[in-house]
Amino acid sequence: MSLNFTIDKPSTGSKARAATFQTLHGEVQTPVFMPVGTQATVRAQTVESLKVSGSRMLLANTYHLLLRPGPEVFKKFGGIHRFMNWDGPVLTDSGGFQIFSLPHERAMNEDGARFASYVDGKIHLLSPESSIEMQKAIGGDIMMVLDHCIPSTAPHAQAEAAMTLTHRWALRSLRARGGSEQALFGIVQGACHRDLREQSAAYLRELPFDGLAIGGLAVGETHLERYETTGHVTDHLPDHLPRYLMGVGTPIDLLESVHRGVDMFDCIIPSQLAKRGVVFTSHGKIQLRRSVYKFSEGPVDIDCVCSACRDYSRAYLHHLIKSDEVLGWHLLTIHNLTFYHRLMKEIRAAILRDDFPAYYESQRRELVRTDEDNPSRPMKQTKQRARPGSRPARLGDYEVHTSLQGFSSIRQISSGEVMHSVNCPSDEANKLYVEQSCLASRLSAPAASTASSDDLVIWDVGLGAGTNAMAALHCFEQQWGKGKQVMRSLRMVSFEWDLDSLKLAAMDPGRFPHLRHGAPHEILKSGSWNHSSGLLRWELRKGDFLESLEAAETPDLIFYDPFSFKTDAVLWTPAAFARIFEKCRAKSAELYTYSSSTAVRVALLYAGFFVAEGIGTGPKSNTTIAFSRAAGAAEHPLAPPLLGQDWLARWKRSHSKLPPDLTSEEKPRFEKRIEGHPQFSSMS
């Protein structure tokens with residue numbers, strides 16, 4: 001039968017779509033996650049518990065059901081629905097993946113796969129025709145063609161041979177289908193080779209399938225390769241057919257794949273991890289086997305209403321899992337399935353509201369959190385890393401430095417300087433740069449027009465490990481996530497000459513949680529990243545800041561965070577600040593920096609900036625804000641105090657009030673320029 005697939009709402013700013021299709025056993029709304037009922041049962045679940053958790057459609061496997069109970073049983077019962085007492089839709093996998101999983105116990109050729117039964121040792125031939133015949137006996141609503149699955153990282157020639165065999169089998173599967181009312185999906189193959197995936201999609205979309213699946217993923221590739229391949233395939237699939245990503249995956253996999261245009265999913269993860277005591281919650285992924293939960297009286301997830309969370313404590317569930325009791329597996333699978341189905345409903349609702357991009361950007365961080373209520377052995381790890389003789393992770397001139405307080409930073413080996421050495425880097429970035437610049441309110445207030453000149457432009461000078469840039473990005477996403485869709489566009493330009501510090505931090509998002517986001521990885525890969533809303537563009541200018549600043553877009557805000565004068569002396573000179581000031585002369589700009597040294601403030605004043613005292617962070621009683629215009633401080637929402645006569649008097653008494661490289665002729669002119677700065681003359 002035709003599934004009558006209808007797109008209810010395509011997402012703006014994303015390839016996500018909410019759709020509906022009709023099966024022989026009822027309507028299905030997408031995106032949809034199908035629990036895996038391999039042998040006509042979802043392990044440790046009853047039909048009733050599946051329905052309560054929100055399950056609408058199940059997956060069953062042809063390979064396993066062929067071996068036991070066999071086609072005769074399904075023919076007697078009239079199909080799987082009566083056999084297992086399930087009245088909802090069922091999709092049957094063809095068995096191709098299971099054959100792939102037995103590489104030493106089968107022989108593959110043009111006819112199909114010949115293998116020995118794990119039940120009784122009997123030899124079977126699973127061909128396109130016998131697979132379809134078995135699926136007809138099972139009576140599922142959607143059948144899958146038999147495909148040749150290989151590792152996703154297979155060489156091009158091997159992947160091409162498997163793809164063309166899958167295409168030939170697809171034609172045989174269509175012929176074997178005959179007049180069956182059951183829907184039939186084709187499977188796009190080609191490993192991670194873009195050209196092969198394009199060829200496969202182009203071939204299959206011309207055949208009379210009721211839907212198309214993406215096969216051969218989650219079998220060896222990285223997460224990034226999986227997402228890129230998925231997105232590339234959906235670019236070449238027709239809009240009018242459902243798209244099914246086979247055997248994937250984790251909650252973040254589902255979100256990323258919906259964003260790339262996928263409608264249907266299946267995976268054993270919710271049940272498989274539940275058996276091990278792992279559950280997905282609004283507080284991150286939790287391992288209930290840990291002893292920290294032995295006395296925990298609270299629910300697994302306070303935001304969940306499933307029976308496991310409603311009726312039992314973490315302590316009891318911890319006990320069940322440690323004791324290998326089936327009840328623990330049953331209850332935690334209920335919870336994980338409830339989490340998955342709730343996620344699907346939230347995604348669909350966000351698409352229908354047409355704000356999926358905001359939901360996507362907020363959830364892509366939430367869905368990778370790990371047990372943040374009870375981090376795993378934080379003090380023990382800190383002591384191990386800090387003990388004498390231990391070697392921290394290194395890359396180039398940088399290494400990971402972990403403080404006694406437990407947070408990690410990046411240390412430059414040659415100079416010994418640590419980025420954000422006293423406070424947690426993300427906390428300092430938020431306080432010093434994001435909050436002090438009032439970035440949230442600036443983004444929430446729409447510009448006077450949509451012209452590019454009205455974009456808010458941030459210079460991130462000294463990208464380092466990406467802390468300041470990501471703080472700004474997260475601020476933007478928080479505002480966007482609040483439904484503030486009338487916002488000022490943000491353009492962020494990061495300057496950095498050595499990317500090893502960011503690469504090193506990106507290798508360990510557990511220690512650097514601000515990098516649990518696709519943006520910094522894309523920056524490292526291509527040098528730019530665009531938010532799905534189209535309102536934020538982040539670009540990298542790699543190289544010497546002083547060689548590229550004139551070519552960059554004029555900033556509104558400057559987060560000035562290079563290493564100190566000891567390491568980056570040239571960036572703290574009057575000459576450097578004079579060039580920045582000249583670039584900013586056309587608009588009212590603000591420069592924020594962690595330094596409060598007299599030398600830095602004098603250099604800013606000499607360049608023409610109006611200099612104010614910023615907030616304190618860590619051991620620093622204050623920091624520095626510089627304005628390109630006299631009215632800048634007064635117009636700033638926080639009205640930071642400009643340096644006054646008291647500061648000027650202290651400067652005059654200082655023994656190091658002038659740059660050391662000035663000649664005797666230049667010193668008087670320098671002093672006169674500082675003393676005659678409009679900032680001080682207006683105060684006299």
Odd one out for Ala505 among (1) surrounded by 21 or more Cβ atoms within 10 Å (Cβ to Cβ); (2) at pLDDT 95 or above:
(2)
The one condition Pro35 fails out of (1) closer than 28 Å to His148 by Cβ; (2) in a loop (DSSP other than H, G, I, E, B) is (2)
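Is it true that Arg442 is at pLDDT 90 or above, surrounded by 13 or more Cβ atoms within 10 Å (Cβ to Cβ) and outside the structural domain of Leu515 (by TED's automatic domain parsing)?
So Arg442 fails the test.
How many of the residues in region 562-600 are outside any helix (DSSP H, G or I) and in contact with a strand residue (DSSP E or B) (Cβ under 8 Å, 6 or more places away or on another chain)? Break it down stepwise before answering.
At the first step, the residues of region 562-600 found to be outside any helix (DSSP H, G or I) are 562-568, 573, 585-597.
Among the residues that remain, those that are also in contact with a strand residue (DSSP E or B) (Cβ under 8 Å, 6 or more places away or on another chain) are: 562-563, 567, 588-596.
Final tally of qualifying residues: 12.
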Does at least one position in region 320-331 carry a residue that is buried (at least 16 other Cβ atoms within 10 Å of the Cβ), under 30 Å from Gly215 (Cα atoms) and either at pLDDT 95 or above or of a type outside the set (Phe, Trp, Tyr) (or both)?
yes
Counted residues in region 346-397 being over 25 Å from the mean Cα position of the chain (by Cα) and at pLDDT 85 or above come to 2
Collect the residues in region 512-559 that are at pLDDT 90 or above, polar (S, T, N, Q) and within 18 Å of the chain's Cα centre (by Cα), keeping them in residue-number order.
Ser526, Ser528, Asn530
Looking at region 644-668, which of its residues are of a type in the set (Gly, Ala, Ser), under 15 Å from Arg601 (Cα atoms) and assigned to a loop (DSSP other than H, G, I, E, B)?
Gly644, Ser654, Ser656
Out of region 208-220, which residues are touching a helix residue (DSSP H, G or I) at 6+ places or on another chain (Cβ under 7 Å) and more than 30 Å from Gly178 (Cβ to Cβ)?
Leu217, Ala218
Does Ile123 meet the test of being modelled with pLDDT under 95, crowded, with 19+ Cβ neighbours inside 10 Å and β-branched (Val, Ile, Thr)?
no
Quick one: which helices (runs of 4 or more DSSP H) sit completely within region 40-159 and have at least 3 residues that are within 33 Å of the chain's Cα centre (by Cα) and under 23 Å from Leu204 (Cβ atoms)?
96-100
Has region 668-682 got at least one residue that is surrounded by 14 or more Cβ atoms within 10 Å (Cβ to Cβ), in contact with a strand residue (DSSP E or B) (Cβ under 6 Å, 6 or more places away or on another chain) and more than 30 Å from Ser426 (Cα to Cα)?
yes
So which residues in region 283-293 are more than 19 Å from the chain's Cα centre (by Cα) and either under 19 Å from His341 (Cβ atoms) or not in a strand (DSSP E or B) (or both), if there are any at all?
Leu288, Arg289, Arg290, Ser291, Val292, Tyr293
State whether the residues of region 647-670 include one that is of a type in the set (Ser, Thr, Tyr), touching a residue at least 40 places away in the same chain (Cβ under 8 Å), in the same structural domain as Cys438 (by TED's automatic domain parsing) and closer than 20 Å to Asp556 by Cα.
no
Determine if region 131-140 includes at least one residue that is surrounded by fewer than 24 Cβ atoms within 10 Å (Cβ to Cβ), in the same structural domain as Arg175 (by TED's automatic domain parsing), among the hydroxyl-bearing types (Ser, Thr, Tyr) and in contact with a helix residue (DSSP H, G or I) (Cβ under 8 Å, 6 or more places away or on another chain).
no
All-but-one check, Val32 against (1) surrounded by fewer than 19 Cβ atoms within 10 Å (Cβ to Cβ); (2) within 17 Å of Ile351 (Cβ to Cβ); (3) not basic (Lys, Arg), failing number (1)
With respect to Ala603, determine if the residue is without any contact (Cβ under 8 Å) to a residue 60 or more places away in the chain, crowded, with 17+ Cβ neighbours inside 10 Å, part of a helix (DSSP H, G or I) and over 37 Å from the mean Cα position of the chain (by Cα).
yes
Contact list, first residue from region 259-282 and assigned to a loop (DSSP other than H, G, I, E, B), second anywhere and modelled with pLDDT under 95 and aromatic (Phe, Trp, Tyr), beta-carbon distance below 7 Å, six or more apart or interchain, is Arg260/Tyr227
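I'd like the full set of residues that are within 16 Å of Glu613 (Cβ to Cβ), in contact (Cβ under 8 Å) with a residue 12 or more places away in the chain and surrounded by fewer than 16 Cβ atoms within 10 Å (Cβ to Cβ), limited to region 633-646. Don't jump to the end; show me each part of the working.
Residues of region 633-646 that are within 16 Å of Glu613 (Cβ to Cβ), as a first pass: 633-634, 636-646.
In the following step, the residues that additionally are in contact (Cβ under 8 Å) with a residue 12 or more places away in the chain were identified as 633, 636-638, 640-645.
Of everything in region 633-646, those that are within 16 Å of Glu613 (Cβ to Cβ), in contact (Cβ under 8 Å) with a residue 12 or more places away in the chain and surrounded by fewer than 16 Cβ atoms within 10 Å (Cβ to Cβ) turn out to be Pro637, Leu638, Pro641, Gly644, Gln645.
Is it true that Gly37 is closer than 26 Å to Pro128 by Cα, small (Gly, Ala, Ser) and out of contact with any helix residue (DSSP H, G or I) (no Cβ under 8 Å at 6 or more places or on another chain)? Working first, answer last.
Working: closer than 26 Å to Pro128 by Cα: yes; small (Gly, Ala, Ser): yes; out of contact with any helix residue (DSSP H, G or I) (no Cβ under 8 Å at 6 or more places or on another chain): no.
No, not satisfied.
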Restricting region 148-158 to residues that are free of Cβ contacts under 8 Å to residues at least 40 places away in the same chain and aliphatic (A, V, I, L, M), the residue that is surrounded by the fewest Cβ atoms within 10 Å (Cβ to Cβ)
Ala157
Mind checking which pairs have a first residue in region 176-205 that is among the hydroxyl-bearing types (Ser, Thr, Tyr) and part of a helix (DSSP H, G or I) and a second that is at pLDDT 95 or above and surrounded by fewer than 23 Cβ atoms within 10 Å (Cβ to Cβ), Cβ under 6 Å, 6 or more apart or different chains?
Tyr203/His167
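Among the helices (runs of 4 or more DSSP H) lying completely within region 454-541, list those that include at least 2 residues that are within 25 Å of Lys583 (Cβ to Cβ) and assigned by TED's automatic domain parsing to the domain that holds Phe563.
Working: elements: 467-481, 500-506, 518-526.
Answer list for region 454-541: 467-481.
Hey, among Gly510, Gly466, Gly481, which residue is surrounded by fewer than 22 Cβ atoms within 10 Å (Cβ to Cβ) and within 27 Å of Arg394 (Cα to Cα)? Walk me through it before giving the result.
On the way: Gly466 fails: surrounded by fewer than 22 Cβ atoms within 10 Å (Cβ to Cβ); Gly481 fails: within 27 Å of Arg394 (Cα to Cα).
Testing whether each residue is surrounded by fewer than 22 Cβ atoms within 10 Å (Cβ to Cβ) and within 27 Å of Arg394 (Cα to Cα) leaves just Gly510.
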Out of region 556-597, which residues are crowded, with 19+ Cβ neighbours inside 10 Å and among the charged types (D, E, K, R)?
Asp556, Asp561, Lys583, Glu590
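The values are calculated or read from the model by the stated rules, or taken from the named source; none is laboratory data. Please read all numbers here as calculations on a predicted model, not as lab measurements. Virtual Cβ from ideal backbone geometry, glycine too; neighbours counted across all protein chains shown.
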